[in-house]
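S.K.: Please see the structure below; I have some questions.
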Amino acid sequence: MSLMAALAYARHGIPVLPVHTPDRGGVCSCTRGERCDSPGKHPRLRHGVNEASTDPRRIELWWSHWPQANVGLRTGVIMDVADVDSAEGWHGLRHLLDDEIPPGPQVHTGGGGRHLWFRPTGYGNRVHLLPGLDWRGVGGYVLAPPSRHATGVGYTWIHRPGPSLPAGPPALRAMIAGPEPPPLRPVTHPDRYAVAALEAETERVASAVVGCRNDTLNRAAFALGRFVGAGLLDAGVVRRELADAARYAGLGQAEIRGTIRSGLRAGARQPFPIAPDHAA
């Protein structure tokens, strides 16, 4: 199934690459095994995305070696992708676009997020455009159906590609183009938004699987650090909640402490924007 999908993507001009695969327990097929921090998400090829190809003979050779490989697609050629990896990221994107999500291809990722495909912008990758939202452009790649996530859940289509892709909305393009992510327009109730974010991020950390736990904790600490920096959440409360969730997931105390500290510090440098009438 993966080979047929890879060949189909290539026929549409999208460069393909084989990606490592998680087993039923979420352990990566790479040599790091259960120590891998990105199970089933990194390339099997020595030069990674730079070797992605549309050549069917090369693709068939790769999949003859790795028949269960996840399917990676190079971005920035046929499509760019908005990578939403949390409910918070989806809420933020919808707010940015005034709930007017352009019709176009969408994928349910195995981790519970979404990929939204757009016409190429010419821009490269950007991370943390918003909490839970990254951009994959020139030099990047994404997993595509029928790839499998470390949770055991497969990537599936919400809306399949049609004859054309939507252009990136101006507000999103402006955010991608900026030297630093410009602030999101202030939300109506930032205090409620912050509390909801705390609940969502701690749940994500507590349910993270082996191989994803530290990365999930780091992302959560960064996202919540933005609210701490804006004075919307108490740093001590955030540290305690994240630490409890990380211990539940099975991380060690030293790793938890260091990851939370660095993530909160980085997030606080990019405080979440609040309207003047909500400022202290």
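The values are calculated or read from the model by the stated rules, or taken from the named source; none is laboratory data. No experiment lies behind these values; they were computed from the predicted model shown. Here the Cβ is made from the backbone with ideal geometry for all residues, glycine too, and neighbour counts use every protein chain on show.
S.K.: I need the full set of residues from the range 118-135 which are modelled with pLDDT of 90 or more, closer than 29 Å to D23 by Cα and surrounded by fewer than 23 Cβ atoms within 10 Å (Cβ to Cβ), in order please.
M.R.: Result: D134, single match.
S.K.: Would you be able to tell me the number of residues in the range 23-42 that are out of contact with any helix residue (DSSP H, G or I) (no Cβ under 6 Å at 6 or more places or on another chain), β-branched (V, I, T) and touching a residue at least 40 places away in the same chain (Cβ under 8 Å)?
M.R.: 0
S.K.: Give the number of residues within the range 223-244 that are surrounded by fewer than 24 Cβ atoms within 10 Å (Cβ to Cβ) and of a type in the set (F, W, Y).
M.R.: Adding up the residues that qualify gives 0.
S.K.: Show the residue pairs that are 6+ apart or on different chains and have beta-carbon atoms under 9 Å apart, the first residue being within the range 8-22 and over 23 Å from P39 (Cα atoms) and loosely packed, with under 13 Cβ neighbours inside 10 Å, the second being at pLDDT below 95 and among the small types (G, A, S).
M.R.: The qualifying pairs do not exist here.
Yes or no, residue by residue, for (1) within 19 Å of R204 (Cα to Cα); (2) of a type in the set (A, V, I, L, M); (3) not in a loop (DSSP other than H, G, I, E, B):
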{"residue": "P102", "(1), (2), (3)": "no, no, no"}
{"residue": "G111", "(1), (2), (3)": "yes, no, no"}
{"residue": "L116", "(1), (2), (3)": "no, yes, yes"}
{"residue": "G122", "(1), (2), (3)": "no, no, no"}
{"residue": "H128", "(1), (2), (3)": "yes, no, yes"}
{"residue": "W135", "(1), (2), (3)": "no, no, yes"}
{"residue": "L143", "(1), (2), (3)": "no, yes, yes"}
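Quick grid of which residues meet (1) free of Cβ contacts under 8 Å to residues at least 40 places away in the same chain; (2) crowded, with 20+ Cβ neighbours inside 10 Å; (3) in the same structural domain as A220 (by TED's automatic domain parsing):
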| position | (1), (2), (3) |
| --- | --- |
| N50 | yes, no, no |
| T54 | no, no, no |
| R58 | yes, no, no |
| Q68 | no, no, no |
| I78 | no, no, no |
| D85 | no, yes, no |
| H95 | no, no, no |
| I101 | yes, no, no |
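S.K.: I would also like to ask the following. Of everything in the range 23-50, what is touching a strand residue (DSSP E or B) at 6+ places or on another chain (Cβ under 6 Å) and not hydrophobic (A, V, I, L, M, F, W, C)? Give them in sequence order.
M.R.: Selection gives P39, G40, P43, R44.
S.K.: Would you please name the residue that is nearest to L116 (Cα to Cα), looking only at residues in the range 166-189 that are surrounded by 18 or more Cβ atoms within 10 Å (Cβ to Cβ) and modelled with pLDDT of 85 or more?
M.R.: By that ranking, first place goes to G168.
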